[in-house]
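Data first, discussion second: the structure below is written as structure tokens.
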Amino acid sequence: MDLPRRLARTLRNAGVTTAFGVPGGGPNLDVVGAALDEGIDFVLGHAETSSAIMASTHGLLTQTPTPVIVTRGPGATSVVNGSAQATLDRYPLVVVTDTVPSAQRSRVAHQRLDQRALFGPVTKQSITLGADIDNVELAEVIAQPNRWPYGALHLDYDVGGVSTQSSYSARGAAPAADDVLSAARELLAASARPVVIAGMEAAVTPGIGDALVALGAPVLTTYQAIGIVDTEGSLHAGLFTNGDLEREVMDAADLFITVGLDLVEPIPRAWNYDAPVLRLSSQDQQDDYLSASVDVVSDLSVAVTSVFEGVQVDSGWTSKAKGFRDRGRAQIRSAESSDSFGPVAVVETVRKHVPGTATTTVDAGAHFLAIMPMWPVANPLDLLISNGLATMGFSVPAAIGAAIARPGRPVVAFTGDGGMGMTLGELETIARRGLPITIVVLNDATLSLIRIKQAADHGGDAAVAYQPTDFAAVASGCGVPGFVVDCDAELSRILADTWDGPRLLDVRIDPSSYPGLLAATRG
């Protein structure tokens, strides 16, 4: 059996149902054809990075090594940002590029790049995939993206080349030593006001949410772990970003228990809390950012069970979680005038109408300062955002990946005018597939988060302001019904309609609350 078919069959055997990409002429089409022959759907995108974000989101939600297939040279260079998003946001992804065949490299300079050197810094591993690889090793290689920490694997497809031996092992974290577990239990037992900080590893590890509920400590989550406990429930105390919004609960704690916290998730500002830290993770993360008093490096489920078993936090402390959360949300609301049609008003209205089964995707930009603390999330991975890389242009392609991974479930994609401008081509992808995606563009024709950070000598409007764009008209031209919205009543009217098909809401907002939102959340 030839290499394209063996690769496609290995992907199918790993549970892959869908591939994404933008093919070029040549061997990458062999891979696309083999995938289709193996019953793997192929979703044609308009840009390589968007296709990679579709694929990695699909991979995260289906827990499979979903591939993005692109051509050599310009295809490879264009997919780099999507590869970095997968790796730093901890999404599983297989990046398949063809390359100038090794037998021809001495004479062919056209599109000849050292693609493995290009992908090395933005992937878990970049290897040459040649016909000599055996099926066992191929399956082992394909499994890498879905081992924590998730990330991108790059396969430089060279059918006449010699494969690179994979250096990754299937082994998980070794069990923590008994004395470390004893120290962790003692630290927890001595605490009267513990606060859990849950990260993405916890969100993708089965059973952790139930363990947190049983423990009963107030829970802060990172953006990527939101929903591990219900955001509207009794334990959710708010979000952890290492900003100012969570300072009240952080100041009140006498112990921080980080559960699956990945240090790529918080804002990299100084840690300035005195309470001890108990860290539970499968990864050794000792560094200068956050040192732990006790560091339990082990399979996360085993560590949580070993440390939390038989412990229940005093209900008087537990009952304070809701107050911490509600006061944080009050700060968000107070940043915006009650008569303003700004980002907070938009979020409040959309959350009233969004179906409980919806997946939500959020782009980078000032709008997420209003969305993330306010949005209701009952389950992990029901809200998705680029956090480790924090790249613009994430939300729309992530919505496509989510809608295909979860057929029949509606998706709401929040983006700004900047992120929408980066992904306009994918409106046609949404229309072609008839996906139930509602895109909400918070449109002020400005890179608002960057404007807030501008000093007097930073270029003014030339650096951050766009000409106003009618995104509703663009969407309609691509086959997606588009609506211009400039008031709450109109927003409510449109959202009251069905969520079964695609639509774009070009919401013209008042951006005046953004500086206050930044001050409330980040300080």
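The values are calculated or read from the model by the stated rules, or taken from the named source; none is laboratory data. If you're wondering where the values come from, they're calculated on a predicted model, not measured in any experiment. Note that each Cβ is placed from the backbone with ideal geometry, even for glycine, and that neighbours are counted across all protein chains shown.
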*What is the one condition in (1) in a strand (DSSP E or B); (2) free of Cβ contacts under 8 Å to residues at least 24 places away in the same chain; (3) not β-branched (V, I, T) that D295 does not satisfy?*
(2)
_Meets criteria (modelled with pLDDT of 95 or more, aliphatic (A, V, I, L, M) and over 27 Å from the mean Cα position of the chain (by Cα)) for L29_ = no
*asked:* Restricting to region 442-464, name every residue that is touching a helix residue (DSSP H, G or I) at 6+ places or on another chain (Cβ under 8 Å) and not in a loop (DSSP other than H, G, I, E, B).
replied: L442, N443, T446, S448, L449, I450, R451, I452, A463, V464
_Residues of region 325-371 satisfying the condition of being hydrophobic (A, V, I, L, M, F, W, C) and touching a Gly at 6+ places or on another chain (Cβ under 6 Å)_ = A335
*Say we look at region 123-140 and pick out the residues that are touching a Phe, Trp or Tyr at 6+ places or on another chain (Cβ under 8 Å) and not acidic (D, E); which of these is modelled with the lowest pLDDT?*
L129
*Does A489 fit the bill of being touching a Cys at 6+ places or on another chain (Cβ under 7 Å) and in a helix (DSSP H, G or I)?*
no
*Which condition number does A292 fail, the rest of (1) at pLDDT 95 or above; (2) closer than 26 Å to D89 by Cβ being met?*
(1)
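Collect the residues in region 110-125 that are closer than 16 Å to T66 by Cα and buried (at least 23 other Cβ atoms within 10 Å of the Cβ), keeping them in residue-number order.
Correct list: T123 only.
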*Pick out, from region 32-99, the helices (runs of 4 or more DSSP H) lying fully within it that include 2 or more residues that are touching a Gly at 6+ places or on another chain (Cβ under 7 Å) and surrounded by 24 or more Cβ atoms within 10 Å (Cβ to Cβ).*
48-62, 80-89
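Condition check ((1) more than 28 Å from T391 (Cα to Cα); (2) touching a helix residue (DSSP H, G or I) at 6+ places or on another chain (Cβ under 8 Å); (3) in the same structural domain as L129 (by TED's automatic domain parsing)) across all residues:
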residue: A8; (1), (2), (3): yes, yes, yes
residue: G25; (1), (2), (3): yes, no, yes
residue: H46; (1), (2), (3): no, yes, yes
residue: S51; (1), (2), (3): no, yes, yes
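Residue by residue, here is whether (1) surrounded by fewer than 18 Cβ atoms within 10 Å (Cβ to Cβ); (2) at pLDDT below 95 holds:
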{"position": "A173", "(1), (2)": "yes, yes"}
{"position": "A198", "(1), (2)": "no, no"}
{"position": "T205", "(1), (2)": "no, no"}
{"position": "D210", "(1), (2)": "yes, no"}
{"position": "A217", "(1), (2)": "no, no"}
{"position": "E232", "(1), (2)": "yes, no"}
{"position": "R247", "(1), (2)": "yes, no"}
{"position": "A252", "(1), (2)": "yes, no"}
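Considering I439, I404, which residue is within 24 Å of S56 (Cα to Cα), in a strand (DSSP E or B) and within 21 Å of the chain's Cα centre (by Cα)?
I439
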